[in-house]
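No value in this document is a laboratory result; all are computed from the given coordinates. The structure displayed is predicted, hence computed values, not measured ones. Glycine gets a Cβ as well: all are built from the backbone with ideal geometry, and neighbour counts include every protein chain shown.
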Amino acid sequence: VDRHPQQRKHPGHLAMRRRHCVQAAVLLVWGLLWCEAYLSAQRTPGLRRLRPLVAASPAEIGWLDIGAGSGDADVAPSSAEATVLPLFPLGILGVPGAEIPLSIFEPRYRQMVQDILLKERKFAMTFADVETGKVAKVGVVMYLENLKEISEETNDAIKYMCTHTVVDRCEIVKILNPKQHAARETYVEAEVRILEDTEVDESTAPMEKAVLKAMVDVAKLQVANDESVRIEEAALANYTAAGGRGEGTLWSMIQLWKHFLELRRQATASRIQRDIQQRLVEFIQTEYPQGQGQDAPSSVDLKDLPPQLQNDLRNVGQTVLDETRPVVDEATYGIQRLLETHSHLDRLNQFREVVENERKRLDEKNKFNDARASLEDLVRLSRPPTDDAPPLGGGDDDDEKVGDDDKASSSL
């Protein structure tokens, strides 16, 4: 039995039913968009948290355990023509053509700098894994360009400030004085083999264009997603991804990418620290409000903070490491894997994979943002004007007043 037939037929009631139908449709569309974005992220590995995809892992790198032979006696080079260079293991990476500044403070490396000044001004630098103590078998040859002694300015804490250029890639053949790795009485020397790119019959021009296009696509998506750290599209006009060293080459593009990853790591660490600092400031402002005769304390005991804030402050270092780990891995293991490639074409393929992974991440993020913006537009359009709608119960006044329940139903 319809107890309110006149109310059912009233235009105001029909308008409310239409509005509810629109709101239900909005919820359905949002649900479908959300599911599509979620399932798409699940189908693409590494996109679940919208983080950059890791280009490589330690398992894909060729490692050398120098310490394994620390008790062995010194060995001679394979031949008189063998290339022997001082070995400088570091936690940083360089690519051919890059300029790398180094501060020299350890006594053994002070001696190394003095020795190479009398020879070819070259030494080998290889990536050292701080977690395992191993070094990568493939490194780079550094050429000492400039040197400045700053022992007086630093009270002898630092002896030299040096600028180097990466001139070659090299592979460690064998360590000539392995016991010095542990003894640290002098620097380690190694026999190395200079690596040259293997020639391929296939033209690299199409892949070079593909790599450059992928970089441009990433730059555009970074702008679309309002990324805090981005690559300027205009700057890519000077790049060709060609072989060799120098401006515009693939190696210079890889160096640009490496710098971009480092800036992203710094931005992520700064954001985490700012968030925790802001929460601490809000706590102090709440506990010691101004204008009530209380002065904000100059220091706060950790035990007086809320338990969750205490935990976050204690673990801020680990939180930064966890959040930046994907970027750090890509900037180290990913770049090291590129150093180990045998040809320019292999390097193009691997670097394109790295850039394409970032493009996919940004594309998924852009789709998610578009879906959210579309939902907000639909919700906004589904809300009728509150001043012009007719009343539900009829009467002389043609204005409907939307109640709190109606308002709540149209917000998500």
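With label points built 7 Å along Cα→Cβ from the Cα atoms of Asn315 and Val200, find their separation and express it in nm.
According to this spin-label approximation, the distance is 4.5 nm.
Would you pull out the residues with amide H under 5 Å of Arg169's amide H, same chain only if 5 or more places away, H placed 1.01 Å from N?
HN-HN under 5 Å from Arg169: Val141, Leu195.
Run the numbers for Leu118 and Asp301: contour at 0.36 nm per residue of separation, minus the present Cα-Cα distance, in nm.
So the chain would gain 60.2 nm between Leu118 and Asp301.
Among 357-364, 87-94, what's the highest-first ranking by average C-beta atoms within 10 angstrom per residue?
Those peptides, ordered most packed to least, come out 357-364, 87-94.
Tell me which residues come under 5 Å, amide H to amide H, from Lys137 once H is placed; ignore anything under 5 positions away on its chain.
Here the answer is Gly62, Trp63, Leu64, since their amide H atoms fall under 5 Å of that of Lys137.
Rounded, prolate or oblate: which fits the range 169-325 when a ≥ b ≥ c are the square roots of the eigenvalues of the alpha-carbon gyration tensor, with rounded for a/c under 1.5 and prolate only if a/b beats b/c?
oblate
Alpha carbon centre of the range 304-369 versus the range 78-121: separation in Å?
29
Quick one: net charge around Ser252, please, counting Lys, Arg +1 and Asp, Glu -1 for every other residue with C-beta under 12 Å from its C-beta.
Neighbour charge sum, excluding Ser252 itself: 0.
DSSP loop (so not H, G, I, E, B), at most 15 other Cβ within 10 Å: list which GluC sites (Glu not before Pro) in the range 226-258 pass both filters.
Those that pass, being in a loop and sparsely packed, are Glu232, Glu247.
Which is farthest toward the positive dipole end of the range 77-174 among Tyr143, Cys170, Ala157, measuring Cα position about the Cα centre, with Cβ charges +1 (Lys, Arg) and -1 (Asp, Glu)?
Positive-most Cα among the choices belongs to Cys170.
Rounded to the nearest Å, what's the spacing between the alpha carbon centres of the range 196-273 and the range 154-168? Just the number, please.
What the calculation gives is 28 Å, centre to centre.
Using the Cα centre of the range 216-266 as origin and beta-carbon charges of +1 (Lys, Arg) and -1 (Asp, Glu), tell me which of His259, Asn238, Gln222 is placed farthest towards the positive end of the dipole.
The residue sitting farthest along the positive end of the dipole is His259.
Can you pick out the pairs among Lys220/Lys367; Lys213/Lys365; Lys137/Lys179; Lys213/Lys258; Lys220/Lys360; Lys258/Lys367 whose Cα atoms lie more than 21 Å from each other?
Pairs exceeding the cut-off: Lys258/Lys367.
For the range 136-230, which trypsin sites (Lys or Arg not before Pro) pass both filters: DSSP loop (anything but H, G, I, E, B) and at most 13 other C-beta atoms within 10 Å?
The qualifying sites are Arg184.
When the chain is fully extended, how far beyond the present Cα-Cα distance does His342 get from Glu247, taking 0.36 nm per residue of separation?
32.1 nm
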